[in-house]
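Visitor: Mind looking over this structure? Questions follow.
The values are calculated or read from the model by the stated rules, or taken from the named source; none is laboratory data. Values in this document were obtained by computation on a predicted structure and should not be read as measured data. Here Cβ is always computed from backbone atoms with ideal geometry, including for glycine, and neighbour counts include all displayed protein chains.
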Amino acid sequence: MRLSRRQALSLLPGLALAPRAAGAQGGTTPAASPAGDLVFVLNSGEANILVLDAATREEKRRIPVLREVHHLVMTPDGSTLLVGDSGANEMLFLNPLTGELIKREPLSNPYHLGFSPDGRFLCITSLRRDQVDIYAWDGSALTLVKRHSLPDMPSHLAFRPDGKVVYVTLQGNNLLAAISLEGNFDHLWSMEIGPEPAGVMWNRGKLLVGIMGSDYIAVADPETQAVERRIVTARGAHALFWNLKGDTIYATSRVDSRITTIDPETLTVTRSLKVPGGPDDISFDPQGRLWVTQRWIAKVAVVDFEAGKVESIRAGRSPHGIFYASAQALRAPATN
Amino acid sequence: MIEALQDAWDAVAGWIFETLVQPALFAAGLMEWAEDAFDWIGFVMFGGLQVVVVYLICRPLEAWRPVEPREDGRSIRTDILYTMLTRLGLLPLIAFVVFASVQARISGMVAESGWIPPTLEMLFPVLREWPLLALLVYVVVIDFGEYWRHRFQHMFGWWWALHAIHHAQRQMTFWTDDRNHILDDMIGAVWTGGLALLIGVPPGQFPLIVILLRVAEALSHANVRLSFGRVGEWLVVSPRFHRLHHGVLGSGETGKNYAVIFPVWDWIFRTGDFRRDVFPRTGDPELPEDMATGGWLRQQWAGLRRMGAALVKAR
């Protein structure tokens, strides 16, 4: 079966922002990772990016960075991995197939980041500087088009599927903010969402937000700006991720050290698994396994959620962002 | 071996955070500070390791060739308290709480202006390829800043009133390195923080180098008859070099040998005394007894009182 470029890229976790069908995913018996696949782990506490060989789980190299790397994102065409070094005010451009550093560019305090669904804008939060930046992306270069001063502690972001609005959690004042990606890029509204909000995700017209200061995922209606319900997961609810099939939401909880699955249709918890060491970010391999940063114990866990198996690999101090780069998906030729 | 040590270190840090700190933060509604708190645990553990390494190196040296007998155990114990407060993170924690919001505001203003603070690596790209060299350059720049901060501590009356606590110690040992007024420490944090804002904060991926620097600073205060020889005395501050700074004639504006790590600054600015056979008694007879032999609180209060008096006098 020949995958289209779009289908192939949908296998990449950084692009799996919205659910969509992907028939090539998810066997019942996870096999070894394909040769050539790499896993990028951002060691925020020791200024380097660990590159693992996914098949052997051996360390291939460590890319030194200047200060403090937290989050990453793939460019819309799947050719380049952008890694924000917030402490150094730099953006690193990496080749996801080889781990080669393509270039670095000065950029103000990049923390969490994401491309709008149409690929035109890169939005970046700056946790320590209380700012949200919107950059225009022309396929090769970034141009700052709007900087919002947005106290307090802008943390994670997510987009409306039509690409017209970006939502940002404000960890320091318990708010969820909406910013337009049209016209003057206005700050549209802010709403109370819950104590110390972190990860945010769009799901079927609602916004799901990890409430780190409590034990639940808040479900908010962006139209009415009201919290409609709470999905109790575990203490320290943090980040949210779609699996590659787009039929399950995974939520990490850093205090109780658990990963919880949620049915996106019914918004009910379907399963919960203990993953020690403060699970933070997740990336999925083609076999459907989870690669998870274990923030407080300097490791990365490979989790077979179905079997309930957790295997840890040495990473580095305070590993945060993670990305499984499937060589097959990245090399798939464009067919349209 | 190194991997096993690293694993053990990570396991201990993780256990402390997950068992003690994170639940407390969660209960207090302070989870937005979780990542900073985790970094803090690393800082405290590293501080503890520094204390152990410094002790294991300096204490045998002091026993081997002391300049003077250890007679005043009480004042040494006070210095130990200073070290614990400084190295195990309590004073930096206070400084952090006080300055965090100020720092965030300044960063916000900088961001608003659109200016991206440079790092030394941006100005000198070659440093990217040589992280160890980059660290050395950072250390040299920070040390240069420390030399001038030290000069100013002796130059301005109000600042000398605070710094005098450091010089009042007549029983100087390697523990004396951290004997400072809390206000003086905070000024130091602002000073170094400002410098760090200008050049970027160096990465902490060279813990061994950081420990070596810490040992060098502590060793310079050690009660040991040790010089680093004809060449070494010009390269790194030795116990002999720094003892001369703490000599009874070294106080106030008449001081010599201000350098903290690299004596080259004293050579350049003509404040160096490189005589290798001079090991004077330390302390300042003009300072009140509270500053010399009082407990931590009395010393702190004396420093504050004298600073107030110096400021009134200056008006």
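Visitor: Step by step: first the residues of region A:91-108, then only those that are in contact with a helix residue (DSSP H, G or I) (Cβ under 7 Å, 6 or more places away or on another chain) and buried (at least 19 other Cβ atoms within 10 Å of the Cβ), then the one that is modelled with the lowest pLDDT. Which residue is that?
Guide: A:S108
Visitor: Please work out if A:V168 is of a type in the set (A, V, I, L, M), more than 16 Å from A:L82 (Cβ to Cβ) and out of contact with any Leu (no Cβ under 8 Å at 6 or more places or on another chain).
Guide: So A:V168 does not fit the description; no.
Visitor: Here's something else I'd like to know. Exactly one condition in (1) closer than 18 Å to A:V69 by Cα; (2) assigned to a strand (DSSP E or B); (3) among the charged types (D, E, K, R) is not met by A:R317; state its number.
Guide: Single failed check for A:R317: (2).
Visitor: Within region A:144-154, is there a residue that is within 21 Å of the chain's Cα centre (by Cα) and within 20 Å of A:Y250 (Cα to Cα)?
Guide: Checking region A:144-154: not a single residue is within 21 Å of the chain's Cα centre (by Cα) and within 20 Å of A:Y250 (Cα to Cα).
Visitor: Return yes when A:G278 is over 26 Å from B:Q6 (Cβ atoms) and of a type in the set (G, A, S) and no when it is not.
Guide: In short, no.
Visitor: Which helices (runs of 4 or more DSSP H) does region B:234-315 wholly contain that include 2 or more residues that are more than 22 Å from B:Y82 (Cα to Cα) and either touching a residue at least 40 places away in the same chain (Cβ under 8 Å) or among the basic types (K, R) (or both)?
Guide: Filter on region B:234-315 gives B:264-268, B:296-314.
To keep it simple, each residue is scored yes or no on (1) within 14 Å of another protein chain (Cβ to nearest Cβ); (2) within 21 Å of A:K299 (Cα to Cα).
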residue	(1), (2)
A:V39	no, yes
A:N43	yes, yes
A:L50	yes, yes
A:E68	yes, yes
A:L72	no, yes
A:P76	no, no
A:V83	no, yes
A:L97	no, no
A:E100	no, no
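Visitor: Next up: Give me a count of the residues in region A:293-315 that are within 14 Å of another protein chain (Cβ to nearest Cβ) and on the phi < 0 side of the Ramachandran plot.
Guide: Within region A:293-315, residues that are within 14 Å of another protein chain (Cβ to nearest Cβ) and on the phi < 0 side of the Ramachandran plot number 12.
Visitor: Mind listing whichever residues of region A:102-150 are within 11 Å of another protein chain (Cβ to nearest Cβ), assigned to a loop (DSSP other than H, G, I, E, B) and among the polar types (S, T, N, Q)?
Guide: Within region A:102-150, A:S108, A:N109 meet the criteria.
Visitor: Here's something else I'd like to know. Which residues, taken from region A:227-251, are of a type in the set (G, A, S) and part of a strand (DSSP E or B)?
Guide: A:A237, A:A239, A:A251
Visitor: Look through region A:252-272, keep the residues that are within 14 Å of chain B (Cβ to nearest Cβ) and outside any strand (DSSP E or B), and return whichever of them is surrounded by the fewest Cβ atoms within 10 Å (Cβ to Cβ).
Guide: Taking the candidates together, the pick is A:D256.
Visitor: Return the residue satisfying two criteria in turn: it lies in region A:273-292 and is away from every other protein chain (no Cβ under 14 Å) and out of contact with any helix residue (DSSP H, G or I) (no Cβ under 8 Å at 6 or more places or on another chain), and of such residues it is farthest from A:V200 (Cα to Cα).
Guide: A:Q287
Visitor: So in region B:187-239, with the set limited to residues that are of a type outside the set (G, A, S), in contact with a Leu (Cβ under 7 Å, 6 or more places away or on another chain) and modelled with pLDDT of 95 or more, which one is nearest to B:I261 (Cα to Cα)?
Guide: Taking the candidates together, the pick is B:P239.
Visitor: Within region B:73-89, how many residues turn out to be more than 20 Å from B:L183 (Cβ to Cβ) and small (G, A, S)?
Guide: Counting residues in region B:73-89 that are more than 20 Å from B:L183 (Cβ to Cβ) and small (G, A, S) gives 2.
Visitor: Could you check A:A54 against (1) among the small types (G, A, S); (2) out of contact with any Asp or Glu (no Cβ under 6 Å at 6 or more places or on another chain); (3) farther than 20 Å from A:L122 by Cα; (4) surrounded by 23 or more Cβ atoms within 10 Å (Cβ to Cβ) and say which number it fails?
Guide: (2)
Visitor: I'd like to verify a number: residues in region B:13-37 that are more than 9 Å from chain A (Cβ to nearest Cβ), surrounded by 15 or more Cβ atoms within 10 Å (Cβ to Cβ) and of a type in the set (D, E), how many?
Guide: Matching residues across region B:13-37 total 0.
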